[in-house]
Amino acid sequence: MDSDQLRAVGALYERHSDAVMRYALRRSDRETAEEVTAQVFLVAWRRRSALPDDALPWLYGVARRALSEQRRGAARRKRLHERLRSVAVEAPPALELRDRALEHAVMRLSDVDREALLLHYWEELEPAQVAVALGCSRATLAVRLHRARARLRRELEGDGGQVGNEKHDSSRVSRTEPV
Amino acid sequence: MTTFRDIESRLRAARPDAEAPAPPREVVLARIEQASTAPRKRRSWRRRGVGLPIAVGTVVLAAASAGGALLLAPGKPVAPELVLPATPETGLGEPVGASLELLPMRVGDPEGGAPWGMRVIRTTRGLLCLQAGRVVDGALGGLGIGYAFGGDGRFHPFLPADAIATDSCPAVGANGAPFLPGPPVIVPANALPLAGENVSQADQNHCDLPGQQNWGVRCPQAELRQVAMGLLGREAKSIRVTTPDSSFTVSPYGPDGAYLIVLPAQPNANASMSSGAYEGPFGNVSHAAGGAVLTVTYSDGSHCQIPATGPSRQCHAHEQGSTGAQLPSSAQLSSAVHVSYLPRVEHPVAPLLMDDAAGGTFAGRGEQSGEAAPGPALTVSFKAPVRVENASSAYVVELEPRPVSRCATPAVIVSQPTDQTLQAGASVQIAVSLESPCATTYSGRVFLASSSSVGGESGGEGPLYEAIAAKFGPPSSGQGAASFPTVGRFDISVP
């Protein structure tokens, strides 16, 4: 790698690494967040020719997938253990919020709806940037955000603020089924 | 009445603090520099489903290239999208390019066109990986149909590196025979189940495979297939494929008992949910209810099922001498083991297994992303008595705490296996998180675990994990759980 390339990726890291770290840290533990942050910039370097000028949303998109992979690894380990005992397995928690009713409601959103909301309200991306991070059109993103907020409101009102209400929308809940 | 403004305020207020610094710039740049000079890379995000070792197929066509394939113009290769630094001596290892082989079997697609095929590639850590796709001019790849590549109608070859995926790399045992009974899964006809990630960032033609919820548009049923592929070994004689509507029999191919089966997706597969443990954006997209069942018959007359409806029906390797035959004895392995107690470790790796006295999972401090909560740990050190040269063997620590009245302790704790190639005499250190704060005595041992051609639905960690779990799980969980030789034993009292 020549020195110009190294300087360029170094500058990118200086500009965005803290934001990517914060993004990952809000969704995982510190060690995972550090690993994900490093992976994101490795990918950015490998795909430097595809980097958009506004790189941060693109980096969030990569971080999102890196976190998914990390969670899948943990889930596979758990599944391996639990499968030996014929116990159904649930996904590991991705968020832990002090507002447990909100956490419960947010976790019942589909992954992409949840991510759309959090990128907008936590990472403070504009809708057009969220669309880049999620790889969808602006129009699609607008629909997603609206739908996510509406679902969140329904979930919060339906639960009455209580945690643990098991009212499930079967179209959005992962379940164990034989093939 | 909750307003959108209330929700927005609540969401913003709930934003967790995230004040930890990013890794040092120099550390990350060093990794990038190292990666830039590495000869090979391993993809991290894979086309799950096609990469999965699976089972069945309709008709195994003659070898050699099939017609139809030649009608497709070539398009750009399916580039590995997101890759990690090459690690030839850790994890799965790197692919050995010269070992890449497209098997001559061809399976027709229900709607015609380029046939399906599968290829194998070996890794530097002794694994053999499988990958299925469409075959054109002797190359394996995906088609630009449906959402992929903007529906350009071209053939897009897979690169050699794409053949590595943790779910499709069975171990190769001491006798050289791989084994992997892959179940039927749902994949798109274009053979690019994760094209939304890999090739369609610029497309607006996304649709969701079963279990995916990325775009809110279900893939058309006609664009989905049930595909199964795997390796059953030379003793497998036939595979009976049963669907709700029909059944037929196919013969495994070649000395490894390879099979590849392609069927139309079962009704409503495009609306079925995933059976995966994690419903991520590119998570386990492949399973759906009502799929085909494969019944395998071996030369000794025994049968097994894929997927199995119970532990007694699971498929296991039938190769002679395939289970632990090459393990050295404990006398050959004897090595001094040193152990020390650490009262608090901030980021300990979660143990592989931790059972209570009844054989269930001990309710410990919990874990996330493979990391246990902060707490006490033991560090176990020793010199590797023998070389660990592949992903099918590893050193592991087993702990048995002495029970303490009025203080819950697990019955057994098993560490994560070492995950790298080790030379004989190399210093090895394994940290084991202790789940109980109780003062007690731990009796422990270091053992050499090995998995020889006993793959299966091994998840991301490979058959070795399955073999270890089978040893410590309940009797119904494993068939012929291996007895792993001991390297050394120790006792330690902790405050």
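The values are calculated or read from the model by the stated rules, or taken from the named source; none is laboratory data. Just so it is clear, the structure is predicted and the values come from calculations on it, not from any experiment. Cβ: placed from backbone, ideal geometry, glycine included. Neighbour counts: every protein chain shown.
Only one of A:Ala88, A:Ala24, A:Ala101, A:Ala50 is in contact with an Asp or Glu (Cβ under 7 Å, 6 or more places away or on another chain) and either more than 7 Å from every other protein chain (Cβ to nearest Cβ) or at pLDDT 70 or above (or both); which?
Matching residue, one of A:Ala88, A:Ala24, A:Ala101, A:Ala50: A:Ala101.
Just give me the residues in the stretch A:23-37 being surrounded by fewer than 21 Cβ atoms within 10 Å (Cβ to Cβ) and in a helix (DSSP H, G or I), in sequence order.
The answer is A:Arg30, A:Glu31, A:Glu35.
How about the stretch A:23-45: which of its residues are under 25 Å from A:Ala8 (Cβ atoms), without any contact (Cβ under 8 Å) to a residue 12 or more places away in the chain and not small (Gly, Ala, Ser)?
A:Leu42
Going by the structure shown, is B:Asp356 among the acidic types (Asp, Glu), at pLDDT 80 or above and farther than 30 Å from B:Gly425 by Cα?
No; evaluated as a whole, the condition is false for this residue.
Given the options B:Gly93, B:Gly108, name the one that is of a type outside the set (Phe, Trp, Tyr), under 25 Å from B:Glu33 (Cβ atoms) and either modelled with pLDDT of 50 or more or in contact with a helix residue (DSSP H, G or I) (Cβ under 6 Å, 6 or more places away or on another chain) (or both).
Residue meeting the stated conditions: B:Gly93.
Looking at this structure, is A:Ser17 of a type in the set (Gly, Ala, Ser) and either assigned to a loop (DSSP other than H, G, I, E, B) or in contact with a Gly (Cβ under 8 Å, 6 or more places away or on another chain) (or both)?
no
This table checks each residue for (1) over 30 Å from B:Gln266 (Cα atoms); (2) at pLDDT below 75.
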residue: B:Thr295; (1), (2): no, no
residue: B:Cys304; (1), (2): no, no
residue: B:Gly324; (1), (2): yes, yes
residue: B:Leu327; (1), (2): yes, yes
residue: B:Tyr341; (1), (2): yes, no
residue: B:Val349; (1), (2): yes, yes
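Determine if the stretch B:277-291 includes at least one residue that is small (Gly, Ala, Ser), modelled with pLDDT of 85 or more and more than 21 Å from the chain's Cα centre (by Cα).
no
Can you tell me which residues in the stretch B:236-265 are over 15 Å from B:Leu294 (Cα atoms) and not small (Gly, Ala, Ser)?
Matches in the stretch B:236-265: B:Tyr253, B:Pro255, B:Asp256, B:Pro264.
Step by step: first the residues of the stretch A:104-153, then only those that are modelled with pLDDT under 80 and not in a helix (DSSP H, G or I), then the one that is farthest from the other protein chains (Cβ to nearest Cβ). Which residue is that?
That would be A:Arg108.
Is there a residue being modelled with pLDDT under 95, assigned to a loop (DSSP other than H, G, I, E, B) and over 24 Å from B:Thr123 (Cβ atoms) anywhere in the stretch B:388-403?
yes
Could you tell me which of the residues B:Ala236, B:Ala228 is more than 30 Å from A:Val130 (Cα to Cα), modelled with pLDDT of 85 or more, within 12 Å of chain A (Cβ to nearest Cβ) and crowded, with 18+ Cβ neighbours inside 10 Å?
It is B:Ala228.
Pull up the stretch B:78-90, narrow it to residues that are part of a loop (DSSP other than H, G, I, E, B) and touching a helix residue (DSSP H, G or I) at 6+ places or on another chain (Cβ under 9 Å), then point me to the one that is modelled with the lowest pLDDT.
Of everything passing the filter in the stretch B:78-90, B:Leu82 is modelled with the lowest pLDDT.
Quick check on the stretch B:30-59: of everything there that is in contact with a helix residue (DSSP H, G or I) (Cβ under 7 Å, 6 or more places away or on another chain), surrounded by 20 or more Cβ atoms within 10 Å (Cβ to Cβ) and hydrophobic (A, V, I, L, M, F, W, C), which residue is modelled with the highest pLDDT?
Only one residue tops the list, namely B:Ile32.
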